[in-house]
Structure formats: structure tokens, C-alpha cells
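Trainee: Let me give you the structure first, and then I'll get to my questions.
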Amino acid sequence: MKLLIRNLARTITEPELQEVFEGYGVVQSCTVVIDKETGQSKGFGFIEMPKTGEAKAAMKSLNNSEIAGSIIRVKKAEMTESKNNGRADGAVK
């Protein structure tokens, strides 16, 4: 299950964020989104946990908790359609 973590402290690193979530189970991947121009965190990231039960436990326990001085928000990441409405050529119907 992929989780979206919002309101991250701009100083948190991927290893630090991963360590927090590993308290609830196996973390398959961890990404803190970085601004390409500034090289700094955009304040959100993603955690992927292979076991749904562990991901739900982490989401429930960590949502609205304080990490590195910020109250984080944790929810299931929603999958969105591609910007070109799923068409390979990018044309809109």
C-alpha cells in the first residue's frame, strides 16, 4: 500500500522518514519529494509498505503526529489517471 505523507519538516531525510515507518513493518520504498530548482524538500513524500495491515496501522498511528517538529498527515495515496487521459498520443477525446 502506498501512503502519502504531507506537512513533512523540510529538513527530514528519506532514511529518517523510513525509520519512523519501519516501526510498523517492512518499508518497500521511501521518497521525500525534492524541488528540482532549489534542491529542498517540498514538504511531502511517499512510503510504500507491502503489507496492507501494517500500512493501515502506520497510517492510523502516525496521522496527526509530530515528527521533526511538524504535525504530519498520513493517508492512502490515490492513484490518478495520466494527464493525457490515458491515451498514448496525448490527444483528448
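Trainee: Residue under question is residue 55, and the condition is that it be surrounded by 12 or more Cβ atoms within 10 Å (Cβ to Cβ) and at positive phi; does it hold? Talk me through it step by step, then tell me what you get.
Mentor: Details: surrounded by 12 or more Cβ atoms within 10 Å (Cβ to Cβ): yes; at positive phi: no.
No, not satisfied.
Trainee: For segment 8-19, indicate whether the set of residues that are of a type in the set (A, V, I, L, M), loosely packed, with under 13 Cβ neighbours inside 10 Å and in a loop (DSSP other than H, G, I, E, B) is non-empty. Before you say what the answer is, go through the steps one by one.
Mentor: Applying the first criterion (of a type in the set (A, V, I, L, M)) to segment 8-19 yields 8-9, 12, 17.
Remaining after also requiring loosely packed, with under 13 Cβ neighbours inside 10 Å: none.
Taking every residue of segment 8-19 in turn, none turns out to be of a type in the set (A, V, I, L, M), loosely packed, with under 13 Cβ neighbours inside 10 Å and in a loop (DSSP other than H, G, I, E, B).
Trainee: Pairs, please: C-beta under 6 Å, at least 6 apart or cross-chain, first residue closer than 13 Å to residue 23 by Cβ and in segment 51-74, second hydroxyl-bearing (Ser, Thr, Tyr) and surrounded by 12 or more Cβ atoms within 10 Å (Cβ to Cβ)?
Mentor: From residues that are closer than 13 Å to residue 23 by Cβ, the pairs are 54/24; 57/24; 58/24.
Trainee: Within segment 41-51, track down each residue that is outside any strand (DSSP E or B) and either at pLDDT below 95 or surrounded by fewer than 16 Cβ atoms within 10 Å (Cβ to Cβ) (or both).
Mentor: Within segment 41-51, the first condition is being outside any strand (DSSP E or B), and the residues that meet it are 49-51.
If the condition is that a residue be outside any strand (DSSP E or B) and either at pLDDT below 95 or surrounded by fewer than 16 Cβ atoms within 10 Å (Cβ to Cβ) (or both), then 50, 51 are the ones that fit.
Trainee: Looking at segment 11-22, I want the residues that are closer than 12 Å to residue 62 by Cβ and have a partner that is of a type in the set (Gly, Ala, Ser) and surrounded by 15 or more Cβ atoms within 10 Å (Cβ to Cβ) with Cβ atoms under 9 Å, at least 6 apart or on another chain. Which pairs are those?
Mentor: Here the result reads 17/45; 20/58; 21/55; 21/58, each pair linking segment 11-22 to a residue that is of a type in the set (Gly, Ala, Ser) and surrounded by 15 or more Cβ atoms within 10 Å (Cβ to Cβ).
Trainee: Sort out which residues of segment 1-23 are more than 19 Å from residue 78 (Cβ to Cβ) and in contact with a Lys or Arg (Cβ under 9 Å, 6 or more places away or on another chain), and write them in order of number.
Mentor: 10, the sole residue that qualifies.
Trainee: Being in a loop (DSSP other than H, G, I, E, B), touching a helix residue (DSSP H, G or I) at 6+ places or on another chain (Cβ under 9 Å), farther than 18 Å from residue 79 by Cα and not basic (Lys, Arg), is that true of even one residue in segment 26-40? Don't jump to the end; show me each part of the working.
Mentor: Let us first name the residues in segment 26-40 that are in a loop (DSSP other than H, G, I, E, B), namely 26-28, 35-40.
So of that shortlist, the ones also touching a helix residue (DSSP H, G or I) at 6+ places or on another chain (Cβ under 9 Å) come out as 26-27.
Among the residues that remain, those that are also farther than 18 Å from residue 79 by Cα are: 26-27.
Retained after the next criterion (residues that are not basic (Lys, Arg)): 26-27.
Taking every residue of segment 26-40 in turn, at least one turns out to be in a loop (DSSP other than H, G, I, E, B), touching a helix residue (DSSP H, G or I) at 6+ places or on another chain (Cβ under 9 Å), farther than 18 Å from residue 79 by Cα and not basic (Lys, Arg).
The values are calculated or read from the model by the stated rules, or taken from the named source; none is laboratory data. All figures in this text were calculated on a predicted structure; none of them were measured in a lab. Heads up, the Cβs are rebuilt from the backbone with ideal geometry, glycines too, and the neighbour counts pull from every protein chain shown.
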